Every structure is written in C-alpha cells, then in structure tokens.
1. Applying the selection to region 5-41, what residues are under 28 Å from residue 86 (Cβ atoms), at pLDDT below 95 and out of contact with any Phe, Trp or Tyr (no Cβ under 7 Å at 6 or more places or on another chain)?
2. Cβ-Cβ under 7 Å, sequence separation 6+ or interchain: first residue in region 46-74 and more than 15 Å from residue 100 (Cβ to Cβ) and free of Cβ contacts under 8 Å to residues at least 12 places away in the same chain, partner surrounded by fewer than 16 Cβ atoms within 10 Å (Cβ to Cβ) and of a type in the set (Gly, Ala, Ser). Which pairs?
3. Would you check which residues across region 36-74 are part of a loop (DSSP other than H, G, I, E, B), charged (D, E, K, R) and surrounded by 16 or more Cβ atoms within 10 Å (Cβ to Cβ) and list them?
4. Being assigned to a loop (DSSP other than H, G, I, E, B), under 26 Å from residue 18 (Cα atoms) and in contact (Cβ under 8 Å) with a residue 12 or more places away in the chain, is that true of even one residue in region 92-99?
5. Test each condition in (1) within 18 Å of residue 137 (Cα to Cα); (2) surrounded by fewer than 16 Cβ atoms within 10 Å (Cβ to Cβ); (3) among the polar types (S, T, N, Q) for residue 110 and report the one that comes out false.
Amino acid sequence: MDNLQLENGFPVNPIRVGDGIVLINIFTLDPEKTELFVSTQVAEYKRLKGQFSGSYTANLHISLDRTRAANYANFASVDDYVAMRNSPEFADHLKRLQGLVVQAEPQLYQVIYTQNLDMPTSEEPLPMLPDPELAPKLVPPSLN
C-alpha cells in the first residue's frame, strides 16, 4: 500500500488485483441510529489503526437512505483477518457497536478486476478465482 495520496484531507486507498484479501461487511442499520453508528465506527477505526498485523485499510460507506453501511477493509491474508477477528481488541470493538447494528453480513473477497477512467484498460489475464473450499466460514456477530 505505497504511494498513498490525500483528497479532501482523506487518504485515497488503492484497490489492486493481487493485494491480499478484502473484507466487505454490509450492515443493516436503524436510520435513527446511523449517525451514532458512523461516529462510533470511525472512532473505532482510529482507535484500532495499526494494532493488527496485515490490516492495511478501512473504508466506510453509508447508503443514501441511511439503512445500510458498507465497510471494506484490505488485509494481507485470510490468516491476518482471522487473527484480527479472534483478538480481544475485536471483541471489545463489537461491544462498542452493540445496539447500533440490526444485522452484519461479513464476507471475504479477492480482487479480480479493477478499472479507472484515467488509466488504460488492462488486457492482462484475470487471476485464478479463489478456491471456495479454502474460504473461512464467517458467522456474523450479534450486534443488536
């Protein structure tokens, strides 16, 4: 994760084919609690930054109707993600989100293709798709 740039005071997090794995977690939210969820989640990102080996980025998106949030985070490997998820720090993180989330749907992904308007389109062969047998079974945490 080199050559990071800032736009509007925030880092631009590149997503590249072959850069480890990506956690995408879709949260269902109560629109009345969305602002508290956002402030809590961002405070948690800041509190936990640098505490987990192989954790590179964290990004948060809120749907325009405030009923969903999408978190995506880059990790060096599945093992790094699993170690983070099994840590006492992550258990504490879940406690801080308690009551702010109706449902969480975490899933790990591999970046297969990226495209940018300002860059030439790649003609490289796509990477091999992940082996589903190697995917960890993620049980969504209970946050409500």
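The values are calculated or read from the model by the stated rules, or taken from the named source; none is laboratory data. Not measured: the values here are computed from a predicted model. Please note: Cβ atoms are built from the backbone with ideal geometry, for glycine as well, and neighbour counts cover all protein chains shown.
1. Listed by number, the residues that qualify are 11, 13, 14, 15, 16, 18, 19.
2. Sorted first by the residue in region 46-74, then by its partner, the pairs are 61/70.
3. Passing the criteria: only 66.
4. So far as region 92-99 goes, no, none of its residues is assigned to a loop (DSSP other than H, G, I, E, B), under 26 Å from residue 18 (Cα atoms) and in contact (Cβ under 8 Å) with a residue 12 or more places away in the chain.
5. (2)
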